Amino acid sequence: MNDVTLNPYIFFQGNCREAMEFYKNIFGGELTIQTYEEVPGDTPAEMKGKIMHAALMGGEVDLMASDTPQASAKAAKVSLSLNGYEADKLTNIFNRLSENVEVQYPLKKEFWGDTFGSVTDQYGVEWMVNIGVKSA
């Protein structure tokens, strides 16, 4: 077992609650949300009603997120990669992440033997899905 865990932490521009509810509907798990008003200190007017921290844990994936007070948060380009062998489950996840958006790369069999696709969801989060083939 590893002593280190990597958890994606996504910053949203005011729609964190909506996005995390969307991910909960796809991945399951328990969603906990804490608003800026629920933490000690003064809440800036522009952050009232916004999410200081959200955690979706115990489902297919664990995600954390918040609304950022910065108008244009900058980060390196990152894609979240889902990998596994359960084709039906991963195809369903890919299709649900693809709702109401244009898919960058549809799921299809690739030269390395797996099925792969990528999509940027309606919240601007980039996802890659790789469905592996179990070796005999």
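Brief remarks on what is shown
- For the range 111-136, the set of residues classified as closer than 15 Å to Thr91 by Cα and among the acidic types (Asp, Glu) consists of Asp114, Asp121, listed by residue number.
- Those residues of the range 50-64 which are among the β-branched types (Val, Ile, Thr) and assigned to a loop (DSSP other than H, G, I, E, B), in sequence order: Val61
- In the range 10-27, residue surrounded by the most Cβ atoms within 10 Å (Cβ to Cβ) [restricted to those that are touching an Asp or Glu at 6+ places or on another chain (Cβ under 6 Å) and without any contact (Cβ under 8 Å) to a residue 60 or more places away in the chain]: Cys16
- Glu102 being modelled with pLDDT of 95 or more and not β-branched (Val, Ile, Thr): no
- Members of the range 15-49 found to be at pLDDT below 95, touching a helix residue (DSSP H, G or I) at 6+ places or on another chain (Cβ under 9 Å) and in a loop (DSSP other than H, G, I, E, B), listed by number: Thr43, Pro44, Lys48, Gly49
- Test: residue in the range 82-98 that is of a type outside the set (S, T, N, Q), modelled with pLDDT under 95 and outside any helix (DSSP H, G or I): no
- Only residues that are among the basic types (Lys, Arg) and touching a Pro at 6+ places or on another chain (Cβ under 6 Å) were counted across the range 97-117, and they come to 0.
- Those residues of the range 96-124 which are among the hydrophobic types (A, V, I, L, M, F, W, C) and either surrounded by 14 or more Cβ atoms within 10 Å (Cβ to Cβ) or in contact with a Phe, Trp or Tyr (Cβ under 7 Å, 6 or more places away or on another chain) (or both), in sequence order: Leu97, Val103, Leu107, Phe116, Val119
- Residue match in the range 2-19 (condition: over 14 Å from the mean Cα position of the chain (by Cα), among the charged types (D, E, K, R) and under 28 Å from Ile131 (Cα atoms)): yes
- From the list Thr43, Thr35, Thr68, the lone residue that is closer than 24 Å to Met128 by Cβ, surrounded by 15 or more Cβ atoms within 10 Å (Cβ to Cβ) and over 12 Å from the mean Cα position of the chain (by Cα) is Thr68.
The values are calculated or read from the model by the stated rules, or taken from the named source; none is laboratory data. Not measured: the values here are computed from a predicted model. All Cβ positions, glycine included, derive from the backbone under ideal geometry; neighbour counts span all protein chains shown.
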